[in-house]
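Below: one structure, written as structure tokens.
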Amino acid sequence: MAVAETLHKHPKRRLTAFANEIASLIEAAQAAGLNVVNSEEVLMVTEMSGHDVEEPRPAEGFAFQIERDNTHAYVSIHPVDDPEVVAASGHVSAVEGFAIFDRIITAPDFRRRGLGSLIMRALVSLALEHDVEEGLLIASVDGQKLYQSLGWTNLGNVVLFEGKQDA
């Protein structure tokens with residue numbers, strides 16, 4: 001109940017909950033007045049030692065841009081002829097033995113060209129510069145097949161909640 005009250009007071013905050021069985025979680029949250037923003041994502045995991053450590057090369061006609069600091073990296077892929085366009089991108093952070101992957105996105109006009117796999121390989125390569133044992137990410141419905149093909153497995157369901165918005 002305290003979480004629901006906080007979300008109602010701060011409407012820009014959201015709560016991400018992880019559970020194997022989400023029906024009762026959703027029911028309890030709705031009873032507390034929370035909105036379900038998304039209930040179709042999953043938490044996925046992979047053993048980092050099983051991944052390619054070679055830094056990938058960009059696909060023909062594309063270039064990488066990499067920004068990083070101590071434990072965080074952002075990778076983006078841009079068409080060589082239009083470097084302002086972000087065809088695909090993603091983030092990874094190394095935190096206490098985990099590589100946390102976030103905001104892995106391929107722009108709609110660039111999907112089905114292998115750029116999502118290329119971003120993941122680049123992020124894994126950067127993450128492996130740190131002492132990480134497992135990778136974690138929250139996968140959208142569209143991303144789940146990609147991550148499974150790259151050796152990731154489902155840990156469970158994810159639900160995103162927010163407080164009721166005032167009209």
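Put simply, when 138-147, 79-88 are sorted by average Cβ atoms within 10 angstrom per residue, most first, you get 138-147, 79-88. Residue separation of residue 96 and residue 38 scaled by 0.36 nm, minus their Cα-Cα distance, works out to 18.1 nm of gained length.
Counting only heavy atoms of the protein chains, get the accessible area per residue of the chain (1.4 Å probe) and round it to a whole Å² value.
It amounts to 61 Å² per residue over the chain.
Quick one: with all protein chains in place, what share of the accessible area of the stretch 112-167 is carbon or sulfur, to the nearest percent (1.4 Å probe)? Solvent-exposed carbon and sulfur of the stretch 112-167 make up 45 percent of the total. Extension gain, residue 66-residue 28: 0.36 nm per intervening residue step, less the Cα-Cα distance, totals 9.4 nm. Which of (1) 30.4, 92; (2) 15.6, 46; (3) 17.9, 53 is the computed Rg and Dmax of the Cα atoms in Å for the structure on display? Identified label for the calculated read-out: (3).
Order of 29-40, 67-78 by packing, highest average Cβ count within 10 Å first?
For the peptides 29-40, 67-78, the packing ranking is 67-78, 29-40.
What do the square roots of 5 times the Cα gyration tensor eigenvalues come to for the stretch 69-167, in whole Å, largest first, as semi-axes of the equivalent ellipsoid?
Values: eigenvalues 98, 85, 45 Å².
Calculated on Cα positions only, the semi-axes equal 22, 21, 15 Å.
The values are calculated or read from the model by the stated rules, or taken from the named source; none is laboratory data. Here the structure is a predicted model, which means the values were calculated and not measured. We place every Cβ from the backbone using ideal geometry, glycine too, and count neighbours over all the protein chains shown. Side chains are part of the model used for accessible areas, which takes the heavy atoms of the whole protein and leaves out ligands, DNA and RNA. Shrake-Rupley method; radii C 1.70, N 1.55, O 1.52, S 1.80 Å.
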